[in-house]
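A.B. asks: Supplied in C-alpha cells, the structure appears directly below.
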Amino acid sequence: MDPGSAALIGIASLVALLALLALRAPIGIALGLVSLVGIMILRGPNAAFQLLGGLPFAFSASWTLSAVPMFLLMGALAFRSGLTASLYDAARLFLGRMPGGLAVATNFASAGFAAASGSSLATAAAMGRLAIPEMLRYRYDPALATSVVAAAGTLGALIPPSIAMVIYGWFAEQPIGKLLIAGILPGLLTAFIYAAMIIVRSLLNPKLAPPIDVRATRAEKLAALIDVWPIPVLILGVIGGIYGGVTTPTEAGAFGALLTAVIALVKRKLTLSVLLQSLFEAARTTAVIFMIGFSAILFTRFLAFSGVPGLLTDMIQDSQATVLHVVLVAMLIYLVLGMFLDPLGLMLLTLPILVPAFEQAGVNMIWAGVLIVKFLEIGFITPPVGMNAFVIKAIVGDQVALTTIFRGLAWFIAMEVIITGLLIAFPEISLLLPDLMD
Amino acid sequence: MLQFLESLADRLTKVLLWMAGLAIFLMMVHVGLDIALKYFFSSPVPSTLEITTYYYMPLVALAPIAILQRERGHIVVELFTHSASKRLRSFLDGVMALLAAGFMGLMGWFSTIEAIRKTERGEFVFVTYFDLLVWPARWIVPVTAAVFVLVALLQALGDLAKAFGKPPAEAAS
C-alpha cells in the first residue's frame, strides 16, 4: 500500500473513532475495534491477531505500571477510612477569618484531599457535602461556594501521588519519579492563585463572602492539627520516599498504600468492610484504565503503520513550528476534545499522536507532561461536560443551578489562563525540582 | 436457561473481582515487605518484581473487566445521544455490546492460542532461588475474556429485546 492511502486510512479511522464514541461506544472498545480493523487492512489479519493475542498480557504484566493500582488503593483507603474527612475542619479553623475565609479553606482542603485520594470526583463529592452547605449557610455567593470545590478538586492530578503522571510517564517513556516531583510546584502555584483570586474578589465585594467569626482556642487548633496529621504525612511520605531514593517511583505506590493502611489501623478506622471496599474500588478503576490503555497501545501501533505520526512530524519540520506552536496546538486539541471525553481516556487517546510530535519539535518531555496534565485538569471544569461541575450539581440538587456553577467556574478558568501562561512562559516552574534530583 | 446464564455470569464476575481484590492486597503487602526488608536489613523478598509483574498485575488489570461490563461501568459519551428515544438508545447499547463481545471474543480466542503455546513450552522466568512459572498466568486473559463475552452477549440480548419491544426469547431468534 502506498503511503498516501495508508495515511488516508489513518485519518478515516480517526473519524470512525469519533463517530463510534458519539454513538455511546465505550472508549476502550471503540479504540480497540478501530485499531484492529485498521491493522487488518494495513498489515493483514495475521499481524492484527498476533497483536491481539499477545498484547493484553504483555501490557498488563508490567512492573512500572503497578504504581497505578497502588496509588489508587492508597487513595481509596485514605478516603474510605475517613482520614481525609477532618481536612476541612482544620483548614476552617486556621483560614476562616480571612476575607472569603471559608472558600479559601475549602480551596486548600480540597487540594489536599484530592492529592491524597487521587480522585477529583471523590474530592468533589466529599467536600461538596461538607463545605458547600456551610458556605451557603453563611450566605456565601452560591456560584463561588460550588465552583471552589469543583475547581480545587482537580489539583489532585498535579500534586503527587498522581496517576495521570504515572500513565503519561509510562507512555512517553519518561522517568516517573521526575514527573511526579515536577507536578508539585505547578500544583501549589494553582492552589495559591486560586486562593489569591478568592481573597481579592471577597475584598472588592464583601457580599460574595460575608465575614464570619471563627474563634478557636489554641487547644482546639491543636486538636484539629492532631486529627489531620495523616494526610501531610502520607503525601510527604510518598514524595520523600521518591526524592530520598528510599523507594523507586513504582515502589512508592505500595509504600503509600501500606502506610495509609497502617495509619488507618492505628487510628482504629480500618474495618474489614473499609478494606474490602477499597480493594475492589482500586481494582475496578485499574481495570478501566488498563482496558483503555490496552486499546490505546493497539491504536499506537496502528497509527505507526498508517504513517500519520510521521506525516505530522514532517509537517512540524517543514513548517518550522517552534516549541510554542506545538504546545499551543496541543492545548487547543485538549480544550476541544476535553469538552466531550473523560480526561484519562483523552490522554491515552492523544498521546500516540502527540508524543512523537512533541519529540520532533524538541519539547522537554517532563515539562510536556505537566502541561498535558494541566490541560486535562482544565477539561474537568469547562462546559459542556466538565465532570466536576456535574458531580457538584448532583450533590447540591435544586439549591444551585448548573449555570450558576459554571458561572462561578468562569473565574477559575480565567485563573487557569494565567497559570497556563506562566507554566508555558517559565518552564522552570515545572523543571526546577526534578532537575535538582540529578 | 437464560436465568441460569444470568446467575452464572453474576457469580463468575464476582469471583473474578474477588481474585483481583486479593491480588491487589497481596501486591501491597508483598512490595511493602520488600521495601522494608531492603531498607532495614538490605535483604529483599525474592521474586517480588516477577510475581508482581506476571501474577498480581494481570489479575488486577484484567479480572474486573467482566463486572465492569456487567454494571456498565465503562466511560461513555452521553452528549450526542442525550435526547434520543429510549428504544434508540437501547438499540445502540445492544449493538455496542455485540461489538464489545466480538472484540473481546477475538482477543480471548487469540490469547488462548498464545496461552496454549506458552503452556506447551512451559514458559518460566529465572529468579534468584527458583524458576517462576509464567505460563499459568497466561490463562488470565482467556478466562476473563470468556466471562466478558458471556456478560456482553446477555446484555446485547436484553438491550435488543428492549429496543424491539419483544420478549428476550423472540429477539434471540
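A.B. asks: Could you tell me which residue out of A:Pro230, A:Phe302, A:Ala283 lies farthest along the dipole of segment A:210-311 toward its positive end? Charges go on the beta carbon: Lys and Arg +1, Asp and Glu -1, centred on the Cα centre.
C.D. replies: Among A:Pro230, A:Phe302, A:Ala283, the one farthest towards the positive end of the dipole of segment A:210-311 is A:Pro230.
A.B. asks: If you don't mind, another one. If you place +1 on the Cβ of every Lys and Arg, -1 on the Cβ of every Asp and Glu, and leave all else neutral, what size is the dipole of the protein assembly as shown about its Cα centre, to the nearest 20 Debye?
C.D. replies: 1560
A.B. asks: Now for a different question. Short version: ³J(HN,Hα) in whole Hz for each residue of segment B:22-36, in order, from phi by Karplus 6.51 cos²θ - 1.76 cosθ + 1.60 (θ = phi - 60°), x for Gly and Pro, what are they?
C.D. replies: 4, 4, 5, 5, 4, 4, 4, 5, 4, 5, x, 4, 4, 4, 4
A.B. asks: Assign one of three labels to segment A:165-235, namely rounded, prolate or oblate, based on the Cα gyration tensor with a ≥ b ≥ c the square roots of its eigenvalues; rounded applies when a/c is under 1.5, prolate when it is not and a/b is larger than b/c, and oblate otherwise.
C.D. replies: Values: a/c = 4.75, a/b = 1.59, b/c = 2.98.
Verdict is oblate for segment A:165-235.
A.B. asks: Okay, next question. Given the peptides A:83-92, A:5-14, arrange them by the average over their residues of other C-beta atoms within 10 Å, most packed first.
C.D. replies: In decreasing order of mean packing, A:83-92, A:5-14 become A:83-92, A:5-14.
A.B. asks: First check a/c for the protein assembly as shown, with a ≥ b ≥ c the square roots of the eigenvalues of its C-alpha gyration tensor; if it is under 1.5, answer rounded, and if not, answer prolate when a/b is larger than b/c or oblate otherwise.
C.D. replies: In terms of gyration-tensor shape, rounded.
A.B. asks: Scan around B:Phe124 for amide H atoms under 5 Å from its own, H built in the peptide plane at 1.01 Å from N, and keep only partners 5 or more places away or cross-chain.
C.D. replies: HN-HN under 5 Å from B:Phe124: B:Val134.
A.B. asks: With r defined as the distance between the Cβ atoms of A:Arg129 and A:Ile193 and R0 fixed at 25 Å, what FRET efficiency is calculated, to the nearest 0.05?
C.D. replies: 0.45
A.B. asks: Rounded to the nearest 500, what is the 222 nm mean residue ellipticity of chain B from helices alone, with -39500 (n - 2.57) per DSSP H run of 4+ residues and division by all residues? Each step should come with its number before you reach the end.
C.D. replies: On the way: 8 runs with 126 residues, N = 173.
My calculation for chain B gives -24000 deg cm²/dmol from helical runs alone.
A.B. asks: Residues with amide H under 5 Å of A:Thr247's amide H, sequence separation 5 or more or different chain, H placed in the peptide plane at 1.01 Å from N; which?
C.D. replies: Amide H neighbours of A:Thr247: A:Ile242.
A.B. asks: Within chain B, which is the longest segment that contains none of the chymotrypsin sites (Phe, Trp or Tyr not before Pro) sitting in a DSSP loop with at most 16 other Cβ atoms within 10 Å?
C.D. replies: In chain B, the maximal stretch lacking such sites is B:1-128.
A.B. asks: What distance in nm lies between label points placed 7 Å from Cα along the C-beta direction at A:Asn205 and A:Leu335?
C.D. replies: The answer from the label model is 2.3 nm.
A.B. asks: Semi-axes, largest first, in whole Å: what does sqrt of 5 times each Cα gyration tensor eigenvalue give for segment B:51-153?
C.D. replies: Working: eigenvalues 265, 42, 13 Å².
Square roots of five times the eigenvalues give 36, 14, 8 Å.
A.B. asks: Step through the residues of segment A:56-68 one at a time and calculate ³J(HN,Hα) from phi using the Karplus curve (6.51 cos²θ - 1.76 cosθ + 1.60, θ = phi - 60°), rounding each to whole Hz and writing x for Gly and Pro.
C.D. replies: x, 6, 4, 6, 6, 7, 10, 5, 4, 6, 5, 5, 5
A.B. asks: Next up: Label 7 Å along Cα→Cβ of A:Thr403; segment A:136-176 residues with amide nitrogen under 15 Å?
C.D. replies: Zone members listed by number: A:143.
A.B. asks: Lys pairs in chain A, Cα-Cα under 30 Å, at least 8 apart or on separate chains: how many?
C.D. replies: 7
A.B. asks: Further, regarding this structure: Sum up the charges of everything whose Cβ sits under 11 Å from the Cβ of B:Thr52, counting Lys and Arg as +1 and Asp and Glu as -1, but leave B:Thr52 out. Working shown, then result.
C.D. replies: Working: positive: none; negative: A:Glu251, B:Asp34, B:Glu50.
Counting the neighbours of B:Thr52, the net charge comes to -3.
A.B. asks: Per-residue Cβ counts within 10 Å, from other chains only, averaged over B:106-116: what number is that?
C.D. replies: 5
A.B. asks: Tabulate in residue order the Karplus-calculated ³J(HN,Hα) for segment A:41-52, using 6.51 cos²θ - 1.76 cosθ + 1.60 with θ = phi - 60°, rounded to whole Hz; enter x for Gly and Pro.
C.D. replies: 5, 7, 10, x, x, 4, 4, 5, 5, 5, 4, 4
A.B. asks: Return the distance in nm (one decimal) between the two label points of a simple spin-label model at A:Ala58 and A:Asn46, each offset 7 Å from Cα along Cα→Cβ.
C.D. replies: Distance between label points: 1.7 nm.
A.B. asks: Say a paramagnetic label sat at a point 7 Å from the Cα of A:Asp2, along Cα to Cβ; which residues of segment A:307-349 have their backbone N under 18 Å from it?
C.D. replies: A:307-308, A:311
A.B. asks: How high is the FRET efficiency from A:Lys269 to A:Asp213, r the C-beta distance, R0 35 Å, rounded to 0.05? Can you show the working numbers first?
C.D. replies: On the way: r = 32 Å, r/R0 = 0.91.
Step by step, r from the Cβ atoms, then E = 0.65.
A.B. asks: Would you tally the net charge around A:Val200, using a Cβ to Cβ cut-off of less than 15 Å, leaving A:Val200 out, and scoring K and R as +1, D and E as -1?
C.D. replies: +1
A.B. asks: Moving on. List the residues whose amide H sits under 5 Å from the amide H of A:Ser62, counting only those 5 or more places along or on another chain, with H placed 1.01 Å from N in the peptide plane.
C.D. replies: Here the answer is none, since no amide H 5 or more places off falls under 5 Å of that of A:Ser62.
A.B. asks: Rounded, prolate or oblate: pick one for segment B:1-101, where a ≥ b ≥ c are the square roots of the eigenvalues of its C-alpha gyration tensor, a/c under 1.5 means rounded, and failing that, prolate if a/b is larger than b/c, else oblate. Provide the component values of the computation, followed by the final result.
C.D. replies: Details: a/c = 4.35, a/b = 2.41, b/c = 1.80.
Prolate, because a/c is 1.5 or more and a/b exceeds b/c.
Every number in this text was worked out from the coordinates using simple rules, so none of it is lab data. Remember, it's a predicted structure, so these values are computed and weren't measured experimentally. Backbone-built Cβ (ideal geometry, glycine too); neighbour counts: all protein chains shown.
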